[in-house]
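What follows is a short report on a single structure.
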Amino acid sequence: MFDIDFARLIEQLLYQPDSPMIFSSGLFLFLFLAFTLVYNLLGKADTWRILFVTLFSYYFYYKSSGMYFVLLALVTVCDYFIARAIHGITPQGPLARLLLLLSLILDLGLLVFFKYTNFLGENICALLESCGIDVPSSITGSYLRNVVWQPRDIFLPVGISFFTFQSLSYTIDVYRGNIKPLNRLLDYAFYVSFFPQLVAGPIVRARDFILQIRRPLMVTSQMFGAGVFYIIAGLFKKAVISDYISINFVERIFDQPDLYSGLENLLAVYGYTLQIYCDFSGYSDMAIGIALLLGFHFPQNFDSPYKSASITEFWRRWHISLSSWLKDYLYISLGGNRHGKLRQNINLLTTMLLGGLWHGASLNFVLWGAIHGILLCIDKMWHAIAPALSPLTYLPGKKDPSPRTNRAVQLIGGILTFHLVAACWVLFRAPSFGIAEQVFHQIFHKFQPQIFLQWCTSYKAVALLMLLGFTLHWLPSSISAKAKAFVSRCPLAVKALLLILLIYLVIQIKSSDVQPFIYFQF
């Protein structure tokens, strides 16, 4: 009666390098439905429920990176026992520092090997060659590049930057005395591998999550409604807006920017600015929503970042979990703002340089981070020199400590900040400096604004989705809150209908295979 191709089914359940499992794929939706049935049956059996979720999380990671789930297990086991050892000795003493160093070497060592080996090898060779340190080779001329160093074929496990940072924050917090270590390895494995945020964040701090692990399972109607809303919003951002404008416009321009006018290049920059936000915040929304359906709360990871009136505000709204991680574990560890303005700016620039490098093994990302670091330093100096021309001004001598909003400065600052961020995204998206240079060259030298109406006609769907995406983003937060409340109040049948309609829309506009999330590469 049922013609089931079991061979095809088994193939789908095994790791496929070209098709990692993501939230917007049909396979995940099917598996998640089965998962939730078992999960709810195990509701009161805490240990079995935690074990089941951990095993599913490891399978989820296997579907993303194959046998490299062993790395996840290695980091988990080592940091669990290191943290317990740190807690059992003199707080922040020599041995505790040595154990923390061991955790740093393990986590960052794995990250450096898998993500930066080729990058470091190539750039060290280039640096030595530029200094004249090389020996001619009879093979092709460069001894360094052909004998001493050759690029390695190293697979980059999905999400390694996220789970190493998350596990590292745990050992650091135990070392600092901010939290006590967990007593069960299973609980820690659950925390590190929890699949909603495993491969692309948000980076969830142990102090925000571990108290929820053994809490009795409870999903209120408000949590369920909010979870469905976040899943719908995230799926719409990712699968409708981000994927469509990427495949049908942005990729074409960034592949060969010199074949298109400056106007088209500028619109592609705006398109990618929207694409990366919808892609990453869409993933975060779905992660938050799925966690809520399972009874867990994640912190907010995006807060309408393109509404920012300054670059400092942008980094308070963009990828909040990473920004706060870099602040708490890198910027403050370097000294923060405790040693004068010059040292503060150096620490800020260093943090953003390393933050840029965290995003990828490329000089593009390093330059992207450096520019953001310089902009942050300029922004802080501007606020110190001209506080009256800041978006928010605190009036001296007033009993009310709340700031006064400078509407004109906020508007000008918002427009300037948006375009500075968008310009920096060119370095983030372009595969090389040459491509980024071509994009800017076309914009500034071959703009051709007269073809705008022609572009709107040729890319009608792209134009409408870009307009819709930016409009939704810049709507007041109160409207988003009302929409979430409306979905939460809807009957279960209406929630299911909304989700089915959205999935149908995704199927109708899909023009290729499911697109991986941009931040999978980080």
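The values are calculated or read from the model by the stated rules, or taken from the named source; none is laboratory data. Values in this document were obtained by computation on a predicted structure and should not be read as measured data. No Cβ is skipped: glycine too gets one built from the backbone with ideal geometry, and neighbour counts run over all protein chains shown. Keep in mind that these areas ignore ligands, DNA and RNA; they rest on the heavy atoms of the full protein, side chains included. Shrake-Rupley method; radii C 1.70, N 1.55, O 1.52, S 1.80 Å.
Looking at region 64-77 only, could you name the residues that are of a type in the set (A, V, I, L, M, F, W, C) and crowded, with 17+ Cβ neighbours inside 10 Å? Passing the criteria: Phe69, Leu71, Leu72, Val75.
Of the residues making up region 249-278, those that are within 23 Å of the chain's Cα centre (by Cα) and either open to solvent by 30 Å² or more (accessible area, probe 1.4 Å) or small (Gly, Ala, Ser) (or both) are Glu251, Ala268, Tyr270, Gly271. Applying the set (1) of a type in the set (Gly, Ala, Ser); (2) under 30 Å from Tyr191 (Cβ atoms); (3) surrounded by fewer than 22 Cβ atoms within 10 Å (Cβ to Cβ) to Gly282 leaves exactly one unmet item: (3).
Filtering region 151-193 to residues that are open to solvent by 10 Å² or more (accessible area, probe 1.4 Å), in contact (Cβ under 8 Å) with a residue 12 or more places away in the chain and outside any helix (DSSP H, G or I) leaves Pro151, Arg152, Ile154, Phe155, Leu156, Val158, Gly177, Asn178, Ile179, Lys180, Pro181, Leu182. Applying a threshold of 7 Å to beta carbon distances and a minimum spacing of six or more residues, or different chains, the list of pairs starting in region 86-106 at a residue that is closer than 22 Å to Asn183 by Cα and ending at one that is crowded, with 16+ Cβ neighbours inside 10 Å and among the charged types (D, E, K, R) reads Ser103/Asp79. The residues on offer are Val135, Val147, Val112, Val158, and the sole one that is among the aliphatic types (A, V, I, L, M), more than 30 Å from Arg215 (Cβ to Cβ), at pLDDT below 95 and within 28 Å of the chain's Cα centre (by Cα) is Val112. When you check Ile288 against the structure, is it in contact with a Cys (Cβ under 9 Å, 6 or more places away or on another chain) and touching a residue at least 12 places away in the same chain (Cβ under 8 Å), yes or no? The answer is no for Ile288.
Within region 296-319, the set of residues being under 22 Å from Leu29 (Cβ atoms) and open to solvent by 10 Å² or more (accessible area, probe 1.4 Å) comprises just one member, Phe298. Taking region 397-501 and the helices (runs of 4 or more DSSP H) fully enclosed by it, the elements with 2 or more residues that are within 27 Å of the chain's Cα centre (by Cα) and either modelled with pLDDT under 95 or of a type in the set (Lys, Arg) (or both) are at 407-429, 433-445, 460-474, 477-489. Within region 247-265, one or more residues are touching a Ser or Thr at 6+ places or on another chain (Cβ under 8 Å) and over 30 Å from Val409 (Cβ atoms).
Would you confirm, using the coordinates I've provided, whether Arg205 is among the basic types (Lys, Arg) and open to solvent by less than 40 Å² (accessible area, probe 1.4 Å)? When the stated conditions are applied, Arg205 passes them.
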